[in-house]
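The values are calculated or read from the model by the stated rules, or taken from the named source; none is laboratory data. Here the structure is a predicted model, which is why all the values come from computation and not from measurement. Every residue, glycine among them, receives a Cβ derived from its backbone with ideal geometry; neighbour counts consider all protein chains shown. The area values use the complete protein model at the heavy-atom level, side chains included, leaving out ligands, DNA and RNA. Shrake-Rupley method; radii C 1.70, N 1.55, O 1.52, S 1.80 Å.
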Amino acid sequence: GMKSSGIPNRIMVATFDGEELTESLSAVHTGDSAPQGLVRHPAGKHLVCIFSGDVAVYDIERTGNVLAENEESDAPSPEETSPVTLTPRDKDADGAAVHITLAAEVDIKCAAFHPDGKIFAIGLETGEIQLCTWPELKVTKTLGKHSERVTGIAFSPDGKFILTTSAEPANKPDKGAAVWSVSAGERVRTLSDPTLPPNARGTVYRFAGFGPGDSGVAYTGLNLGGEGYVVKWETEGWTVASKAKITRDPISAMALAPDGSSLAVGNSEGHVSVVDAGTLRVRSVDKGAHMIFVTTMVLSSGSWIL
């Protein structure tokens, strides 16, 4: 945020061993630009940071360092023990990260990499879905647009399709969530749930995610009547396979585990729930995990860290 907050804008690296979360071991400062989103390249060697309509790329370097065993005065500094460091891929004359403008005067609301890492897709505040080349990060194609901001974006496991959700009313015709063909560059399906009440207000989808491999399922969040649901879709015909209410308050963030076993749901009150992705039953709830609404989440492989 602003300099007056006293908290510098930065991207930090820490570790967690199942018991202890370290303080920041290394960090890269981003000046007056507040980081608004992080997307890791599938190869694990680059991190894309979103700043409004700009992005900057950072190299992820594994140092081979070992964490300090204690905090005594002769112990190594945190920077010397960080197993990972971040450095700008492209630097200006002062050594700061070069920002690449992908959307002038428009916020990038979400982004995702193609499974092969050669395409970077972005969803914009204006509702547009655009494809960019990697590593050049040049916009090459606009697939189309929603009438409201994009709230979620994900590539299918085979990379042929993109699923997006938006702030459009999900209970109106041709609104809400859509499937796009990457090769054809066009919308091929608008998701429809005939059970949604047609006149309910605030009926919007949040988050988009595909199950792994040939699981044939995808997931979205749904805010309906001030409550949060998870919707499981069958991707062959894009019909609703199941739907379950997870929280009594609107969903503000979601995540899907890499192995497709679990979903994480954060709501407007700061509560966090872990959901079985197969049955959509709530496994656990941490009420008041955060003091305000949850903004972003990620689940580790095996779903043991959130």
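Approximating the spin labels as points 7 Å out from Cα along Cα→Cβ, the Val98-to-Met291 distance works out to 4.0 nm. Oblate is the label for segment 147-306, because the ratio a/c of its alpha-carbon gyration tensor axes (a ≥ b ≥ c) is 1.5 or higher and a/b is not greater than b/c. At full extension, His41 and Ser215 could sit 60.4 nm farther apart than now, given 0.36 nm per residue minus the alpha carbon distance. Charge dipole (Cα centre; +1 on Lys/Arg Cβ, -1 on Asp/Glu Cβ; no other charges) of the chain amounts to roughly 1500 debye. Separation of the alpha carbons by more than 30 angstrom is noted, of Lys172/Lys232; Lys138/Lys160; Lys45/Lys245; Lys145/Lys243, for Lys45/Lys245. The charge dipole of segment 118-194, taken about its Cα centre with unit charges on the Cβ of Lys, Arg, Asp and Glu (plus for the first two, minus for the last two), comes to roughly 140 debye.
For segment 209-255, the relative contact order works out to 32 percent when only alpha carbon pairs closer than 8 Å and six or more residues apart are counted. Springs between alpha-carbon atoms under 10 Å, Gaussian network over the chain: tell me which of Glu168, Glu23, Glu234 tops the mean-square fluctuations. Of the options given, Glu23 has the highest mean-square fluctuation. Decide, for segment 101-161, between rounded, prolate and oblate: order the square roots of the alpha carbon gyration tensor eigenvalues as a ≥ b ≥ c, take rounded if a/c falls under 1.5, and otherwise choose prolate if a/b is larger than b/c, else oblate. Oblate shape, in that a/c is at least 1.5 and b/c is the bigger or equal ratio.
Tell me, what is the per residue accessible area of the chain in Å², probe radius 1.4 Å?
On the way: 15870 Å² over 306 residues.
Averaged over the residues of the chain, the accessible area is 52 Å².
Each label was represented as a point 7 Å from its Cα along the Cα-to-Cβ direction; for Lys160 and Trp304 these points are 3.6 nm apart.
Once C-alpha pairs closer than 8 Å and six or more residues apart are averaged by separation and normalised to the residue number of segment 209-306, the relative contact order reads 21 percent. Within segment 141-155, find all residues whose amide N lies under 17 Å from a label point positioned 7 Å from the Cα of Asp107 along Cα-to-beta-carbon. Those under the cut-off are 146-153. For segment 211-306, just say rounded, prolate or oblate: build the C-alpha gyration tensor, square-root its eigenvalues into a ≥ b ≥ c, call rounded for a/c under 1.5, and beyond that prolate if a/b exceeds b/c, oblate if not. It comes out oblate by the Cα gyration axes. Put simply, the amide H of Val188, placed in the peptide plane, has neighbours under 5 Å in Val179, Trp180, Ser181, leaving out anything fewer than 5 places away on its chain.
Taking the protein heavy atoms of segment 107-198 in the context of the full set of protein chains, the accessible area attributed to carbon and sulfur is 49 percent at 1.4 Å. Packing, as the average of other Cβ atoms within 10 Å across residues, places the peptides 119-129, 140-150 in the order 119-129, 140-150, highest first. The label-point distance for Glu20 and Asp116, in a model that sets each label 7 Å from Cα toward Cβ, rounds to 4.5 nm. The GNM of the chain, with springs linking C-alpha atoms under 10 angstrom apart, assigns the highest mean-square fluctuation among Ile60, Ile246, Ile162 to Ile60.
Remind me, relative contact order of the chain in percent, using alpha carbon pairs under 8 angstrom and six or more residues apart?
Values: 787 pairs, mean separation 24.2, N = 306.
8 percent.
Which is farthest toward the positive dipole end of the chain among Val13, Gly278, Thr235, measuring Cα position about the Cα centre, with Cβ charges +1 (Lys, Arg) and -1 (Asp, Glu)? Checked the options; the winner is Thr235.
The string of couplings for segment 10-15 from the Karplus curve (6.51, -1.76, 1.60, θ = phi - 60°) is 6, 10, 10, 10, 9, 10 Hz, one whole number per residue in order, with x for Gly and Pro.
The alpha-carbon of Lys3 sits under 16 angstrom from the alpha-carbon of none of the lysines, leaving out residues fewer than 8 places away in its chain.
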